[in-house]
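The values are calculated or read from the model by the stated rules, or taken from the named source; none is laboratory data. The structure presented is a predicted model; accordingly, all values stated were derived computationally and were not measured. Cβ coordinates were reconstructed from backbone atoms using ideal geometry, including for glycine residues, and neighbour counts include every protein chain displayed.
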Amino acid sequence: MTRFFEQNLDPKRILSDLSVYRNQTIKPGQDLIIFDEIQVSNKALTSLKYFCEDANEYHIVSAGSLLGIKLSSPGSFPVGKVNFLDIFPLTFFEFLDAINESRYRQLLENIKIFDSTTQPFHENLTRILCTYYFVGGMPEAVKHFAATTDYAEVRQL
């Protein structure tokens, strides 16, 4: 996808090319455009400045798992045009709340000595922890698991 940013950084041209490529009209103020792993292309990162200045009616989100660590190459950065937001998977406590097991969260938050849990609690918590390891903490997967408890479908997500 980096080739969409090689010719020039005109947002209208980029959006037009993306529309043709996806065979979809991109509607300003309605559609969300996601540039994933944006750190791979410094020009794509720089284009955010032009989207902000010349096409701010479009909703743009950029994600980069290594954005704070590694940029594609030295170059300009759209200072003042980028808002950073670090997002993380759900914690185990948040997972407990999502699957309607808040009672175990309360138990863990209030326990003083971990040896004091009874065996049934320990067994249930171990089972739930294994489920958390399998499902993971990504919100969509957790939400789907909470609704269906279908491990195979969750794994696909």
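Data for the structure
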| read-out | value |
| --- | --- |
| Qualifying helices (runs of 4 or more DSSP H) (wholly inside region 61-139; at least 2 residues being at pLDDT below 90) | 102-110, 119-135 |
| Residues being surrounded by fewer than 18 Cβ atoms within 10 Å (Cβ to Cβ), under 13 Å from Met1 (Cα atoms) and in contact with a Phe, Trp or Tyr (Cβ under 9 Å, 6 or more places away or on another chain) - total across region 14-32 | 3 |
| Pair list, Cβ under 9 Å, 6 or more apart: region 38-58 residue over 18 Å from Gln7 (Cα atoms), other residue at pLDDT 90 or above and small (Gly, Ala, Ser) | Glu57/Gly29; Tyr58/Gly29 |
| Index of the failed condition, Tyr58 passing every other in (1) surrounded by fewer than 15 Cβ atoms within 10 Å (Cβ to Cβ); (2) at pLDDT 70 or above | (1) |
| Leading residue by the ranking (nearest to Asp86 (Cα to Cα)) among those in region 1-50 that are among the basic types (Lys, Arg) and over 23 Å from the mean Cα position of the chain (by Cα) | Arg3 |
| Those residues of region 116-141 which are surrounded by 15 or more Cβ atoms within 10 Å (Cβ to Cβ) and farther than 18 Å from Arg103 by Cβ, in sequence order | Val135, Gly136, Gly137, Ala141 |
